[in-house]
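Here is the structure we will look at, set down as structure tokens.
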Amino acid sequence: MPALLVAAALVGSGCSALTASRGSSFFDGFSLQKSVKNASRSGLDCSGAGGGGGIGSSAGGFGFGGREYHSHKGESLSCRLAGGGESFDEEGFISALKREVEGAIKESGAKIVDGGQSAGGFSYEYASGDVRGRVKVTGRKRAGVYYSVQADLEESGGTGANLR
């Protein structure tokens, strides 16, 4: 009988407890394409026939009572290297992209709690209220004249939120 009362309450409320966005504003608003565009002054053509790319997304479920959640999304983008790629400064591009993502995290109101950079990529861990998140971005040359960028984001929130 109690299960019927809970179900009736959810139906009566339009199930808003199950469909409400639980992610941080950084997670919800992140766009790899926008970040790459802002970071790439020249050297990458991510539009038209040379661009393309896929964007994928998946989200986890909510825990008991909607108090905890875990979400994941990934995006990828493939861009043509201008001039055959001879003049492309990968290190400079990754540094500019890192600054762009860092700015987006801070602009969203989240705080960076950890971060790192490696050849061809970087990552940040951030916190916003009871939300903990991580973004990892990598890039690499493909087939000589293309450059692929991938972003993986995950977030956990609610009581006991932890990504580890």
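The values are calculated or read from the model by the stated rules, or taken from the named source; none is laboratory data. Treat the numbers as computed from the prediction; the structure is a model and nothing was measured. So basically every Cβ, Gly included, is an ideal-geometry build from the backbone, and we count neighbours across all protein chains shown.
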Practice prompt. May I ask you to verify whether ILE94 is farther than 19 Å from PHE26 by Cβ, at pLDDT 90 or above and of a type in the set (Val, Ile, Thr)?
Written response: yes
Worksheet entry | Residue within the range 16-24 that is at pLDDT 85 or above and surrounded by 17 or more Cβ atoms within 10 Å (Cβ to Cβ) present | yes
Response to the item:
Only unsatisfied item for VAL11, checking (1) β-branched (Val, Ile, Thr); (2) modelled with pLDDT of 90 or more; (3) surrounded by fewer than 13 Cβ atoms within 10 Å (Cβ to Cβ), is (2)
Worksheet item: Name the pairs whose Cβ atoms lie under 8 Å apart, with the first residue in the range 107-119 and under 17 Å from GLY29 (Cβ atoms), the second modelled with pLDDT of 95 or more and charged (D, E, K, R), and 6 or more positions between them or separate chains?
Response: ILE112/GLU102; ILE112/LYS106; ILE112/GLU125
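Among the residues in the range 29-50, are any in a helix (DSSP H, G or I) and at pLDDT below 50? Talk me through it step by step, then tell me what you get.
The initial filter retains those residues of the range 29-50 that are in a helix (DSSP H, G or I), namely 29, 32-39, 48-50.
Retained after the next criterion (residues that are at pLDDT below 50): 49-50.
The answer is yes, given that some residue of the range 29-50 is in a helix (DSSP H, G or I) and at pLDDT below 50.
Looking only at the range 83-133, filter to residues that are among the acidic types (Asp, Glu) and assigned to a helix (DSSP H, G or I); which one of those is farthest from ALA151 (Cα to Cα)?
Applying the first criterion (among the acidic types (Asp, Glu)) to the range 83-133 yields 86, 89-91, 100, 102, 107, 114, 125, 130.
Subset that is assigned to a helix (DSSP H, G or I): 90-91, 100, 102, 107.
Numbers: GLU90: 16, GLU91: 17, GLU100: 13, GLU102: 13, GLU107: 19 Å.
Among residues in the range 83-133 that are among the acidic types (Asp, Glu) and assigned to a helix (DSSP H, G or I), the one farthest from ALA151 (Cα to Cα) is GLU107.
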Practice prompt. Pull up the range 100-145, narrow it to residues that are modelled with pLDDT of 95 or more, surrounded by fewer than 19 Cβ atoms within 10 Å (Cβ to Cβ) and of a type in the set (Lys, Arg), then point me to the one that is nearest to the chain's Cα centre (by Cα).
Written response: LYS136
Discussion item. Name the residue that is surrounded by the fewest Cβ atoms within 10 Å (Cβ to Cβ), counting only residues in the range 52-82 that are modelled with pLDDT under 55, among the hydrophobic types (A, V, I, L, M, F, W, C) and not in a helix (DSSP H, G or I).
Written reply: ILE55
